[in-house]
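Structure, as structure tokens:
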Amino acid sequence: MNDEGDLLQEDTRDEGNETEATRMSKLRRTRKKVTKQHVFSTEVGEMDITNSKDNTGDGTQIPTTPHLSSRMKHIKQEMAKNHLQFVRFEATDLHGVSRSKSIPAQFFQEKVIHGVCMPRGYLELIPNPKDDEVDHIRATCFNSDIVLMPELSTFRVLPWAERTARVICDTFTVTGEPLLTSPRYIAKRQLSQLQDSGFSLLSAFIYDFCIFAVPEIINSKTISFPASTLLNNHDQPFIQELVDGLYHTGANVESFSSSTRPGQMEICFLPEFGISAADNAFTLRTGVKEVARKYNYIASFFIETGFCNSGILSHSLWDVEGKTNMFCSNSGIEELTITGKKWLAGLLKHSAALSCLMAPAVSCRKRYSKESKDIKESVPTTWGYNDNSCAFNIKCHGEKGTRIENKLGSATANPYLVLAATVAAGLDGLQSSDGVLAGPDDSMDFYQAKSSEIPLKLEDALVALEEDQCLRQALGETFIRYFVAMKKYELENEETDAERNKFLEYFI
């Protein structure tokens, strides 16, 4: 296990990778470019989208009728084949919870063109704003409509909802501008900037969640035994329906097992490039709850003892074509490349602010202290090779190649924000001229940098997020102000019992 203080000025080994050097040179040349908000096109199936000017520089326009093509034809065939009656237009709120409107199937094509309207306040989640402002955010914003525009490539028939399909939507203002507080939009923008720098991201989420029979919510006595075959198969119909249902929605499950706490399960997705990893996690967060209800269970990402389940983002950096893992050393040595070390250095540098987005509630942050009774303000940010106790765990074994597990996250965090913030911090590490990390067994000279600490109090994490200029710039000032205002409102208005009820009801 290593603290961020273990840094070295220069790794003198020649990795013999001319392509990597070229990419790093390109990255430095584009460093100034990424300080500006990036022009970004939202994909809507196979539709083309033209750009329109807006005050933010992020031009995205709602698609028009002539651009509906083979994707729409395929969807119509699916709707007829499955006798669909309804289609859900789903979007993520700031918490990562699905907000949706369902429409009769006969109006689907019309709504694909014009979108579905929803009050903006449903997604931005600051209840009852003051008449004038909430932390300098105009209250009138919450009373306006936004438009849900579907990304047709995400259209799926829902196995757990009768004669119903869903499509994941991006959110726009009524004038056609992207909603700057939209977590999915922010994640797409970061992935686009990563692509402009010559890289792509292969990632997958690993989630823990709890399954309760209704009486167990009050007093759970279930015996816990991680990865026990008997517990894995305790209720096969439920888990089989969940895994099979996720597969039919495009979310491929690599494995599942019982976990460390009563009623707790772990589910791992297969890694995918781009936004799909977050889309899969978003699908699970709703799907597991709907399947559980069919069996008279309750699924929760919140543990009865008051701790949140973990939500790990396993990821690796690849070239833009997705052919070469940039974390893997050609020498056969099981350690990160220079590119990987720079990426990890960025994660460590911004870990305090990252933790605010990845453990966004008071209860989520208890896991950082490992249930220790010692009173601390913060804990060191740690990393290591094949060490599951670390905040950033580097795994070099297995067929997936070298990857980093970002273990700061709780399962209640918004997966789009986890993805976006991880990319933003990693990109900053790549663009930085600071020294790179030394490996755990590296005997070369070190220099001491200011070690990073993870605040245990949400209030301190909010301060860290507000003071982190890199993340403010990457995620956007508008988003940061809304997110901080929302969290301060929650801290001022929620008691422990109320928070527990919120997690069991709102986040289940």
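Based on the Cβ-Cβ distance of Gln236 and Glu377, what FRET efficiency does E = 1/(1 + (r/R0)^6) give at R0 = 51 Å, to the nearest 0.05? Walk me through the numbers on the way to the answer.
Numbers: r = 46 Å, r/R0 = 0.90.
Between Gln236 and Glu377 the formula returns 0.65.
Projected label points at Ser255 and Lys73, each 7 Å from Cα along the beta carbon direction, are separated by 4.3 nanometres.
The order of Lys76, Lys488 by accessible area, most exposed first and with a 1.4 Å probe, is Lys76, Lys488.
Calculated FRET efficiency, Asn296 to Ser432, Cβ-Cβ distance, R0 = 51 Å: about 0.45 to the nearest 0.05. The listed residues Arg120, Arg166, Arg156 rank as Arg156, Arg120, Arg166 when sorted by accessible area, largest first, using a 1.4 Å probe. Close amide-amide hydrogen proximity is noted between Arg120 and Ser144, Asp145, Ile146, each under 5 Å apart and 5 or more residues distant or on a separate chain (H modeled in the peptide plane; Pro and chain starts excluded). Compute the FRET efficiency between Glu334 and Val463 as 1/(1 + (r/R0)^6), taking r as their Cβ-Cβ distance and R0 = 35 Å, and round to the nearest 0.05. After rounding to 0.05, the efficiency reads 0.40.
Which order do you get for Arg365, Arg71 if you rank them by accessible area with a 1.4 Å probe, largest at the top?
On the way: Arg365 5, Arg71 70 Å².
Output order, biggest surface exposure first: Arg71, Arg365.
The values are calculated or read from the model by the stated rules, or taken from the named source; none is laboratory data. Every value quoted in this text rests on a predicted model; they were computed, and no experiment measured them. Note that we place each Cβ from the backbone using ideal geometry, even for glycine, and neighbour counts take in every protein chain shown. Keep in mind that these areas ignore ligands, DNA and RNA; they rest on the heavy atoms of the full protein, side chains included. Shrake-Rupley method; radii C 1.70, N 1.55, O 1.52, S 1.80 Å.
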